[in-house]
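A.B. asks: One structure coming up, written as structure tokens, with questions to follow.
Coordinate-derived values only; no laboratory data. Fair warning: this is a prediction, and the values are worked out from it, not measured in the lab. Cβ sites come from the backbone with ideal geometry, for glycine too, and all protein chains shown count toward neighbours.
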2 protein chains.
Amino acid sequence: MGRTSTARERLLDAAGDLMRSRGYSSLGVAEICARAEVKKGSFYHFFESKQALTVEVVDAYWQGERTCWTDELARSAPALDRLRRLLDAMAAVQRRTKEASGTVDGCLLGNLALELSTQEPGVRARLEEIFDEQIELVAAVLAEAAAEGAVPAERATVATARAVVAQLEGMVLFAKLKNDPGVMDDLWPHTLRLVGAAAGQA
Amino acid sequence: MGRTSTARERLLDAAGDLMRSRGYSSLGVAEICARAEVKKGSFYHFFESKQALTVEVVDAYWQGERTCWTDELARSAPALDRLRRLLDAMAAVQRRTKEASGTVDGCLLGNLALELSTQEPGVRARLEEIFDEQIELVAAVLAEAAAEGAVPAERATVATARAVVAQLEGMVLFAKLKNDPGVMDDLWPHTLRLVGAAAGQA
């Protein structure tokens, strides 16, 4: 109970906070334990390795973000409006982080994908599943947009959905690099072009 | 002379090779020196810090890549053809790396931007300059495409050019994550949509 029962959760929270700003490789188990106020010996009671912990950090991050994705995409509104709200929400996350900490941290999933996908197969596999899920969610809303006549049916594909998520991740990269969430302000017009919607739509 | 005169170059080469596959944080100066066959004491004769070395690694990487960019963009051909050749060349780099090493390494500039732009201000500033230069090169070729009537004049902007480079970096991220350079096969049709060219053009 008490501190013991929350130690696992505190390790996950501490690792998530540290990884969002500093990535994976520069973190050691000792530092994660110190921030979580958990003894290093206890770490391996909860997690087999830093890699195993990271898979759970990634899962927890996506669990939170997925709630945002599915909430925005499940609203009662035209499909393209819902896609726009989702992308606006992603930009809002970067703005809030900048306001709170002074720094645009980017997307933990994209950061880890580029930092370590060639090195940590367990993390890579989980990240691949998550990005595939994001692409499927976008493809589903594009199919609805096509059914509503808002985008051409031939654009309502997984390939277009992948381009939309790639554009999002590329713009997050620039926002992080410039430490300026305003870089993402253009995301919507570019996305409209990718999906082939009429200019000025949504 | 001999080994001594090439020690600086060997340190840069070794660091570049290691960073392409493993990023920045997990590398130590000792490992870079061991791979370069240079004594650790000599490292600080050539470079003030690992960060200073990394700025030079980034410069050397972009010097090589920029030659490819300017060669492709300076050809005597319609502007959109030249842009297409540039993007094809970027995809070819990922295919060749996969064939040679079994692994898609991605783009060193994008990898480092996401791994450490919040941590190493000197590297961040140089990466920002390089991506700005890439965006300017694309904006210039879009202006030529507009003059040729191949894209609408209102799309020949820095914002569109940034979207093109963001799409490239996002697709490289997916190619690295999936260890599959084939992910980049769709890059050209998506780019045509971003720049507003007629379907089937170039």
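A.B. asks: Please tell me which of these pairs span more than 21 angstrom C-alpha to C-alpha: A:K40/B:K50; A:K98/A:K176; A:K50/A:K98?
C.D. replies: A:K40/B:K50; A:K50/A:K98
A.B. asks: Let me ask something else about it. From zero outward in steps of 20 Å, how is the percent of C-alpha pairs of the protein assembly as shown spread across the bins?
C.D. replies: Whole-percent P(r) values from 0 Å outward: 26, 56, 17, 1.
A.B. asks: Okay, helix-only estimate at 222 nm for the protein assembly as shown: each DSSP H run of n ≥ 4 adds -39500 (n - 2.57), divide by all residues, round to 500 deg cm²/dmol; what do you get?
C.D. replies: For the protein assembly as shown, the value works out to -24500 deg cm²/dmol.
A.B. asks: Here's a follow-up. Between copies, how far apart are the B:G102 label points? List them in nm, one decimal, shortest first, with each point 7 Å from Cα toward Cβ, please?
C.D. replies: Spelled out, the distances from B:G102's label point are 4.5 nm.
A.B. asks: Say a label goes 7 Å from Cα toward Cβ at A:T70 in every copy; what distances in nm does this one have to the rest, shortest first?
C.D. replies: 5.2
A.B. asks: Is any helix in chain B, taking whole DSSP H runs, at least 20 angstrom long along its axis by alpha carbon and on average at least 1.0 on the Kyte-Doolittle scale, and which ones?
C.D. replies: TM-like helix candidates: B:158-178.
A.B. asks: Same structure, new question: Could you work out, residue by residue across B:118-125, how many beta carbons of other chains sit within 10 Å of that residue's beta carbon, and then give the average as an integer?
C.D. replies: 3
A.B. asks: Along Cα→Cβ at 7 Å, what distances in nm separate the A:E128 label point from those on the other copies, shortest first?
C.D. replies: Going from nearest to farthest copy, the values are 3.6 nm.
A.B. asks: I would also like to ask the following. P(r) for the range A:56-202: what percent of alpha-carbon pairs falls in each 5 Å bin, starting at zero?
C.D. replies: 2, 10, 18, 22, 21, 15, 9, 3, 1
A.B. asks: When the dipole is taken about the Cα centre of the protein assembly as shown, and only Lys, Arg (+1) and Asp, Glu (-1) are charged at their Cβ, what size is it in debye, to the nearest 20?
C.D. replies: Approximately 840 debye in magnitude.
A.B. asks: Dipole size in debye (nearest 20) for chain A around its Cα centre, Lys and Arg Cβ +1, Asp and Glu Cβ -1?
C.D. replies: 540
A.B. asks: In whole percent, what relative contact order does the range B:50-195 give with Cα contacts below 8 Å and a gap of six or more residues?
C.D. replies: The value is 27 percent.
A.B. asks: Right, something else. Per-residue mean of other chain beta-carbon atoms within 10 angstrom of the beta-carbon, peptide B:106-114?
C.D. replies: Per residue, the average neighbour count from other chains is 5.
A.B. asks: Per Stokes-Einstein, at 4 °C and 1.567 mPa s, what whole-number D in µm² s⁻¹ belongs to the range A:66-113, with the Kirkwood radius over Cα pairs as the hydrodynamic radius?
C.D. replies: This corresponds to a translational diffusion coefficient of 110 µm²/s.
A.B. asks: By average Cβ neighbour count within 10 Å, what is the ranking of B:33-42, B:82-91, A:39-48 from highest down?
C.D. replies: B:82-91, B:33-42, A:39-48
A.B. asks: Let me ask you something else. From the Cα trace of the range B:1-47, what convex hull volume per residue do you get, rounded to a whole Å³?
C.D. replies: Dividing the Cα hull volume of the range B:1-47 by its residue count gives 62 Å³.
A.B. asks: Please rank B:E115, B:E99, B:E9, B:E120, fewest neighbouring Cβ atoms within 10 Å first, as an exposure proxy.
C.D. replies: If I rank by nearby Cβ atoms, fewest first, I get B:E99, B:E9, B:E120, B:E115.
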